[in-house]
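The values are calculated or read from the model by the stated rules, or taken from the named source; none is laboratory data. Everything numeric here is computed off the predicted structure, so don't read it as measured data. We place every Cβ from the backbone using ideal geometry, glycine too, and count neighbours over all the protein chains shown. Heads up: the accessible areas ignore ligands, DNA and RNA and are worked out on the full protein's heavy atoms, side chains in. Shrake-Rupley method; radii C 1.70, N 1.55, O 1.52, S 1.80 Å.
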Amino acid sequence: MKVTTEALSWNESINDTNYSMVTEFIFLGLSNSQEFQIFLLVFFFIFYVGIVFGNLLIVITVASDSHLHSPMYFLLANLSLIDLCLSSVTAPKMIADFFSKRKVISFKGCLAQIFLVHFFGGSELVILIAMAFDRYVAICKPLRYSTVMCDHVCFGIVTAAWGTGFLHSVSQLAFAVNLPFCGPNEVDSFYCDLPRVIKLACIDTYRLDIMVIANSGVLTVCSFVFLIISYAIILVTIQQRPSDKSSKALSTLTAHITVVLLFFGPCIFIYAWPFPIKSLDKSLAVFYSVVTPLLNPIIYTLRNKDMKTAMRRLSKWNVNSSVKF
């Protein structure tokens, strides 16, 4: 009996050790081909440089040009800042990993990535809803626009966006922080995200998968449906009230709708689709974290005359300043 008791005690200690065994995760990355990894390194480095300069340019232009000190451009500057931060959570690590054969991230670093991805992703979701609300008031309730979208409301919206992102990320992290990980520790991606990491836990994760879908998936789908209905109402209003400003409003709305589709499309398949496809999920993760943050500034600058005019003014001011010095 004594031997049995000691054996049970030893097995329990071994199990406890196994559960705390995983101190790092290994990324499988995007490809095993050395030549293709070199191509991806150059490709994503160029993309990330474009993300940094493109989004910073929008933030600086909006902040420095008084003609753009309006609610729509204030929200746009915050969207660009969030896109820059969201991409910076995953892209630099992915680019650095192309130089190493063993793509490793610590357990705490993995949790930090999960937290930050959902923090900035949740914040961007609220900002996109706020931008739709801004256009709705501007087009459907123009006489009340200055009253509804005052400075206090805009700052409140941005605060709510960052706060919502924080609460959402904390709720996501709560799913993973206490999970037992005893191996394997290979993540079939280039960054840590909750749906992939919880599959490596040493317990049955079926209920956790359902909770992730109920949390991130339902939130994403409901927000997307709400935005599509909102923009449909705005488009109908534009058609019913044709004016000289209709073409400008339509161009702005087209840019907004394009950005919404680019953001929510991958999110819905990653977090709400119950039948994941590994190759598709990996491609969508690249699109969500690297491609979309680059396309957003391009869409808003190429389809917005006010932004292009402001950037020309900013470039002329920089040239004149450099000539004086």
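For the stretch 169-189, the count of residues that are out of contact with any Gly (no Cβ under 6 Å at 6 or more places or on another chain), farther than 19 Å from Lys108 by Cα and among the charged types (D, E, K, R) is zero. Here the helices (runs of 4 or more DSSP H) wholly within the stretch 200-267 that include at least 1 residues being among the hydroxyl-bearing types (Ser, Thr, Tyr) and under 16 Å from Ala130 (Cβ atoms) are 218-240, 246-267.
Of all the criteria given as (1) surrounded by fewer than 17 Cβ atoms within 10 Å (Cβ to Cβ); (2) within 21 Å of Val158 (Cα to Cα), the one not satisfied by Val104 is (2). The one condition from (1) among the hydrophobic types (A, V, I, L, M, F, W, C); (2) free of Cβ contacts under 8 Å to residues at least 40 places away in the same chain; (3) open to solvent by less than 70 Å² (accessible area, probe 1.4 Å) that Ile46 does not meet is (3).
Contact annotation: residue pairs with Cβ atoms under 9 Å, 6 or more positions apart or on different chains, pairing a residue in the stretch 278-304 that is open to solvent by 70 Å² or more (accessible area, probe 1.4 Å) with a partner that is among the charged types (D, E, K, R), are Lys278/Asp188; Leu302/Lys308. Does the stretch 177-192 contain any residue that is part of a helix (DSSP H, G or I) and at pLDDT below 85? Within the stretch 177-192 (the criterion being part of a helix (DSSP H, G or I) and at pLDDT below 85), the answer is no, since none of the residues qualifies. Scanning the stretch 27-43 for residues that are open to solvent by less than 70 Å² (accessible area, probe 1.4 Å) and part of a helix (DSSP H, G or I) turns up Gln37, Leu40, Leu41. Picking from residues in the stretch 188-243 that are of a type in the set (D, E, K, R) and under 18 Å from His118 (Cβ atoms), the one that is least open to solvent (accessible area, probe 1.4 Å) is Asp193. Among residues of the stretch 65-79 that are under 12 Å from Ile127 (Cα atoms), those with a beta-carbon under 6 Å from a residue that is among the acidic types (Asp, Glu) and crowded, with 18+ Cβ neighbours inside 10 Å at least six positions away or on a different chain give the pairs Pro71/Asp134; Met72/Asp134. For the stretch 58-102, a tally of residues being among the basic types (Lys, Arg) and at pLDDT 90 or above returns 1. Taking the stated definitions as given, is Met94 crowded, with 18+ Cβ neighbours inside 10 Å and farther than 30 Å from Ile198 by Cβ? Against the criterion (crowded, with 18+ Cβ neighbours inside 10 Å and farther than 30 Å from Ile198 by Cβ), Met94 does not qualify. Each residue in the stretch 88-130 was checked for being hydroxyl-bearing (Ser, Thr, Tyr) and touching a Ser or Thr at 6+ places or on another chain (Cβ under 6 Å), and 1 pass.
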